[in-house]
1. In whole Hz and in residue order, list the ³J(HN,Hα) couplings for the stretch 37-53 that follow from phi through the Karplus curve 6.51 cos²θ - 1.76 cosθ + 1.60, θ = phi - 60°; x for Gly and Pro.
2. Mind computing the radius of gyration and Dmax over the alpha-carbon atoms of the chain? Å is fine for both.
3. On a 0 to 90° scale, report how tilted helix 70-83 is relative to the longest principal axis of the chain, with both axes built from alpha carbons and the result rounded to the nearest 10.
4. Based on the mean of other beta carbon atoms within 10 Å per residue, what is the order of 225-232, 316-323, most packed first?
5. Once you list every other residue whose beta carbon is under 13 Å from the beta carbon of residue 332, what net charge do they have if Lys and Arg are +1 and Asp and Glu are -1?
6. Can you give me the long-range amide H partners of residue 136? Hydrogens built in the peptide plane at 1.01 Å from N, cutoff under 5 Å, separation of 5 or more residues or another chain.
7. Tell me, what is the Rg over Rh of the stretch 202-343, with Rh the Kirkwood radius over Cα pairs?
8. Which is farthest toward the positive dipole end of the chain among 63, 275, 263, measuring Cα position about the Cα centre, with Cβ charges +1 (Lys, Arg) and -1 (Asp, Glu)?
Amino acid sequence: MTSSLEHTATPSAFEPRFANAPHASSADEISRAAASAAPLHIVTPLLQTDILGRRVGLKLDNLQPSRSFKLRGIGKLCQHHAARGVRRLVCSSAGNAGYAVAWAGRALNIPVTVVVPACTPDFVRARIAALGADVRLIGTLWDEANAAALALAEQPGCAFIHPFDHPLLWQGHASVIEELAQQCSQPPDAILLAVGGGGLLLGVLEGLRRVGWQGTQVFAVEPEGAAALGPSLLANEVVSVAAPRSIATSLCVRRVAATLVTACRDRPVSALTVSDAEAAHACVRLAEDHGLVVEPACGAALAPLYSSHPALRDAKNVVAIVCGGMVVTLEQLAGWSRENSRL
């Protein structure tokens, strides 16, 4: 399937509004300049390990400079707007996307405004602000913060950076699979990843198409209290979650990306759900086994491995995308460890 993920035109809702915009005749030059710029993300290692008797490759995108995979696509989109002469980047985020935009803005010397909802922890807001971003608290959930960010981005000189729903984001995220194609001796039976709005999943599907891994099963894992993808795939249309709740706050969105259901159609994608306790347990196990500190959203992706989920029964060679470790503290991890010890 190639239709939605190969589209490179920027939707009008996401175009920057700024004075002295380049003329249409220079659009090709802008695109070439953005494409030729060195990416802001790095190539991350693939750590081979064994989890409950299964061979697993851990793709360590928690080691990105922005501490999550988000920099792959967000860096690409921010560079695109930088080449157009934008004067401010505006983003809505529950955590990781805002941190990635703040990191990219600092690297590109462009001011950043990040709008976060009340569910974003105080320490996350502080970490984003520490990168020089203007952090604004609006709304209780990401959807409300997003509406406010869109309004702010209407100001002259601003470009809106969506956290998960933009073609350039997906193209950037596809690089994770292109790297895996160089790091894996053979195509994996399955890839595990966390899903909130669906930006990473859309990028992975594009990457699988690029490298020809059409037979690799994709397991998209979401929290039980914030499951938007599974119901949407069953209904064959985007279904809204009335009140998403989870310790994996970065996965709490009411709706997945508009094109995600179509992109998953006729592709080997299965949605799995895990409990908050399972996600936290996976974070603790990864820290104990490999000394890596990751957040609950990442724990959600790893939880099916540590619980021997029946959906993985036939998958002998699995890659799990360790998507991030920014929305977590050592104090939280210690608390989850104590809770596990009482079970």
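We did not get these values from a lab; they are worked out from the coordinates using the rules stated. As the structure is a prediction and not an experimental result, all values here were calculated from the model. Counting neighbours? That spans all protein chains shown, and the Cβs are built from the backbone with ideal geometry, glycine included.
1. 5, 4, x, 7, 7, 10, 6, 9, x, 10, 8, 7, 8, 10, 10, 6, x
2. So, for the chain, Rg and Dmax equal 18.9, 65 Å respectively.
3. Result, in degrees: 10.
4. 316-323, 225-232
5. -4
6. Amide H to amide H, under 5 Å and 5 or more residues apart or across chains, residue 136 pairs with 114, 115, 116.
7. Using only Cα positions, Rg/Rh for the stretch 202-343 is 0.97.
8. With unit charges placed on the Cβ atoms, the residue in question is 63.
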